[in-house]
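Participant: Here you go, one structure.
Each value in this text was obtained by applying a stated rule to the coordinates, not by laboratory testing. What you are looking at is a predicted structure, and each value in this text was computed from that prediction instead of being measured. Neighbour counts run over all protein chains shown; Cβ positions are idealised from the backbone, glycine included.
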Amino acid sequence: MNIFFCFIALIFINAYAYGEIKIHSADELGVSKNKLEAIDNAIKQKIKDKTFPGAVLLMSKNGKIFHFDSYGYQNIEKNIKMNTNSLFRIFSMTKPITSAAVMILYDRGHLKLNDPITKFFPSMNNIYLLDSDNMSRKKPLNFPTVLELLTHSSGITYGRPIIVDHNVKNEYRKLNVRTWNQTNEEFIKKISQLPLVFEPSSAWEYGHSTDVLARIVEKVSGVRFDVFIKENIFMPLQMNETGYEIDALNSNRIAEQFPEKNEVALRDVSNQPKWFPGGHGLVSSVLDYWKFCEMFLNNGTYQNKEILKPSTVELITKNQLNDNIKIPPKMYPLLPKNFGFGLGFATRKLKSSDSWYGEKGDYFWLGYAGTNFLISPKNKFIFIFMAQQVGTALSNRNMMFELVKDIFID
């Protein structure tokens, strides 16, 4: 009798942990069991090597989850094990969500991709180009457009020395552009005073473009950005655990990095911030983010709810960088060769011929503290990997792309 009740209890525990998600067998979906074992072992080795304290990995094919597991510690300092429902600061995995918000307004006819930034912010009429070498100024030939903001070809950069550093970034640092003690409107006032690093649509450089888009969403919709994405994306997709802060009841679910490797401190997400940037800041779970990815894989629809038009999903997920847009070699670690960039995602232009998994048309992105995801339309394949350790974004992405290569049995 005791064994029976233990069995029933285990069923309910699993139902709660997975949100009544069925885990399908590898055999059913043509998945290599040897690959799954190798993936498990590789992640466990990374934890043993202290690359990150813990992680959660979800993989699915045709909308059917065949792997959903947790590894290591959610909070090693407090001896809390990682759980499949642990919450992560997803940093730049916020960007695709912001892109979806912009394109919802595009679908509704409320903005156009060729709208210049000055349409929304007259103060941007004063924006200028600054030569990073001789510090000379000049007016740009054209003002950045919504399209160029979405593709990071706007000329707006980051102050932080991500991948590259130069004199223009110094100007951003002087104005403390990346501070949580500002509103979206105050952020725009700062950006209006800062230079572009290049002529719009002449190059690709990662930067605050998506944060500008968040304020455009506010201006066009008349709704604060966090409210807009909650009402138009999170609620329809049942992403009930995604937002800019977590409540007291869930504070014990947030993943933390190694206490001895906290040179870059992670934001306290227990309080609502003043700033709602479009480029970073969201907290989410692996299962929540999978729902977002499933919506894209299903051409804008999730459980019979259309979030985006199929034609808009196609626009978002195909390469939008023309041949005139230079991707500096120093940016290759972030946007490798044979990849382009859509409206919020890196997109694969050619089938992989190296150690990475890759089909033409795949799209993906990553987060600064170790999170990343892939959507592969050809195989109807999604993986979501989340860890929480600053400095592991690129290495975790590379690891996962190598581990899932040849995961399907022909």
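Participant: Reported to two decimal places, what Rg/Rh ratio describes the stretch 254-410 when computed on Cα atoms with Rh from the Kirkwood expression?
Facilitator: Here Rg/Rh amounts to 0.97.
Participant: Can you pick out the pairs among Lys138/Lys309; Lys230/Lys378; Lys337/Lys380 whose Cα atoms lie more than 32 Å from each other?
Facilitator: Beyond 32 Å between Cα atoms: Lys138/Lys309.
Participant: Further, regarding this structure: Choose one answer from Phe120, Phe381, Phe52: the residue with the largest mean-square fluctuation in a GNM of the chain with alpha-carbon springs under 10 Å.
Facilitator: Looking only at Phe120, Phe381, Phe52, the biggest GNM fluctuation is shown by Phe120.
Participant: Rounded to the nearest 0.05, what FRET efficiency do Glu260 and Ile23 give with R0 = 41 Å and r taken as the Cβ-Cβ distance? Could you check?
Facilitator: Step by step, r from the Cβ atoms, then E = 0.70.
Participant: Between Ser355 and Arg267, take the C-beta separation as r, use R0 = 41 Å, and let me know the FRET efficiency to the nearest 0.05.
Facilitator: Working from the Cβ atoms, E equals 0.75.
Participant: Using the Karplus curve 6.51 cos²θ - 1.76 cosθ + 1.60 with θ = phi - 60°, work out ³J(HN,Hα) for each residue of the stretch 138-151 in order, rounded to whole Hz, and write x for Gly and Pro.
Facilitator: 7, 6, x, 5, 9, 7, x, 9, 4, 4, 5, 5, 5, 9
Participant: Per the Kirkwood formula on distinct C-alpha pairs, the Rh of the chain is how many angstrom?
Facilitator: The Cα-based Kirkwood calculation yields 22.0 Å.
Participant: At 7 Å along Cα-to-Cβ for each site, give me the label-to-label distance between Leu249 and Asn379 in nm.
Facilitator: Rounded to a tenth, the inter-label distance reads 3.9 nm.
Participant: Here's another thing I want to ask about it. Using the beta-carbon distance between Gln303 and Asp131 and R0 = 45 Å, what value does 1/(1 + (r/R0)^6) give for FRET efficiency, to the nearest 0.05?
Facilitator: Calculated transfer efficiency: 0.30.
Participant: Once Lys and Arg get +1 and Asp and Glu get -1 on their Cβ, which of Leu130, Asn75, Ile65 lies farthest toward the positive end of the dipole of the stretch 56-135?
Facilitator: Most positive-ward Cα: Ile65.
Participant: Apply the Kirkwood formula to the stretch 104-156: the hydrodynamic radius equals the inverse of the mean of 1/r over all pairs of different alpha-carbon atoms; give it in Å with one decimal.
Facilitator: One decimal place: 12.3 Å for the Kirkwood radius.
Participant: A further question on this structure: If we count other beta carbons within 10 Å of each Cβ, what is the order of Trp290, Trp180, fewest first?
Facilitator: Fewest to most other Cβ atoms nearby, the residues stand as Trp180, Trp290.
Participant: Which of the lysines could a cross-linker span from Lys261 if the Cα-Cα distance has to be under 20 Å and same-chain partners fewer than 8 positions apart are dropped?
Facilitator: Within the straight-line cut-off, Lys261 pairs with Lys44, Lys46, Lys48, Lys50, Lys78, Lys81.
Participant: How would you order 297-310, 231-244, 194-207 from highest to lowest mean count of nearby Cβ atoms within 10 Å?
Facilitator: The densest-packed peptide leads the list: 194-207, 231-244, 297-310.
Participant: Dipole size in debye (nearest 20) for the chain around its Cα centre, Lys and Arg Cβ +1, Asp and Glu Cβ -1?
Facilitator: Dipole of the chain, to the nearest 20 debye: 560 debye.
Participant: Which order results if Ile39, Ile163 are arranged by neighbouring Cβ count within 10 Å, fewest first?
Facilitator: Ile163, Ile39
Participant: Based on alpha-carbon centroids, what's the gap between the stretch 195-219 and the stretch 69-131 in Å, whole number please?
Facilitator: Between the Cα centres of the stretch 195-219 and the stretch 69-131 lies a distance of 12 Å.
Participant: Among Ser192, Tyr206, Ala255, which residue has its Cα furthest toward the positive end of the charge dipole of the stretch 164-302, with +1 on Lys/Arg Cβ and -1 on Asp/Glu Cβ?
Facilitator: Highest projection toward the positive end goes to Ser192.
Participant: Could I ask something else about it? Return the calculated 222 nm mean residue ellipticity for the chain, to the nearest 500 deg cm²/dmol, obtained by summing -39500 (n - 2.57) across DSSP H runs with n ≥ 4 and dividing by the residue count.
Facilitator: After summing the helix terms and dividing by the residues of the chain, the value is -8500 deg cm²/dmol.
Participant: Taking +1 at the Cβ of each Lys and Arg and -1 at the Cβ of each Asp and Glu, which of Gln45, Pro116, Gly340 sits farthest along the dipole of the chain towards its positive end, judged by Cα position relative to the Cα centre?
Facilitator: Result: Pro116, furthest along the dipole toward the positive end.
Participant: Here's a follow-up. Taking the number of other C-beta atoms within 10 Å as the exposure measure, put Asp115, Asp362 in order starting with the fewest.
Facilitator: The fewest-first ordering by Cβ neighbours comes to Asp115, Asp362.
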